[in-house]
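Report on the following structure.
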Amino acid sequence: MKKVFILVIVLSASFASFAQTDTSKIEQYCQVIATPRLFSNKVTIDIDFGEEKGYLKDDRLKTNDGSLKKFNTIIDALNFMGRDGWVFINAYLVHMANTEIHHFAFKKLISKATAQ
C-alpha cells in the first residue's frame, strides 16, 4: 500500500511540472512596399508579413471596424508600423520602368506562442 501511495504522489507531481509556459520571444519580419500611382502623387502601400497570398482571400490590411486601411503618404504608413511596435531595419529603392518602388524592412519581437 505504501508503494502505491508513493507512486501516486510521484506521478501527480510530474503532471504538475508540465504546466510551465513558454515565455521566450522570436523576431518576426515584415516589409512595407510603396508603389506610386499612375498619374498621381499618391502611393499604394502594401505590407508583406510573409503570409501566403490567396486569390479568393482578401488579405489587405483592415481597421478595427473592418474597413480597408488607407495611408495618406509613405510616412503615414511608417508611423503606423512604429505605433504597432515594429522597429525599422533597412530601406532600399528599386527602379522599374521609370518608376521608383520604395521598400522598408521592419522587425518585431513576439512570443513563440503567438507566432504559431
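Tabulated values for the structure
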| item | result |
| --- | --- |
| Yes/no for residue 70 being within 25 Å of the chain's Cα centre (by Cα), among the basic types (Lys, Arg), outside any helix (DSSP H, G or I) and modelled with pLDDT of 80 or more | yes |
| Residues within the stretch 73-116 that are out of contact with any strand residue (DSSP E or B) (no Cβ under 7 Å at 6 or more places or on another chain), more than 20 Å from residue 39 (Cα to Cα) and either polar (S, T, N, Q) or in a loop (DSSP other than H, G, I, E, B) (or both), tallied | 4 |
| Scan of the stretch 30-64 for residues that are under 22 Å from residue 87 (Cα atoms) and acidic (Asp, Glu), ordered by number | 46, 48, 51 |
| Identity of the residue in the stretch 1-49, of a type in the set (Phe, Trp, Tyr) and surrounded by 10 or more Cβ atoms within 10 Å (Cβ to Cβ), that ends up modelled with the lowest pLDDT | 49 |
| When residues of the stretch 29-64 are limited to those that are aliphatic (A, V, I, L, M) and over 14 Å from the mean Cα position of the chain (by Cα), the one farthest from residue 104 (Cα to Cα) | 56 |
| Selection count where residues are loosely packed, with under 13 Cβ neighbours inside 10 Å and in contact with a Ser or Thr (Cβ under 8 Å, 6 or more places away or on another chain), scope the stretch 71-116 | 3 |
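The values are calculated or read from the model by the stated rules, or taken from the named source; none is laboratory data. If you're wondering where the values come from, they're calculated on a predicted model, not measured in any experiment. Virtual Cβ from ideal backbone geometry, glycine too; neighbours counted across all protein chains shown.
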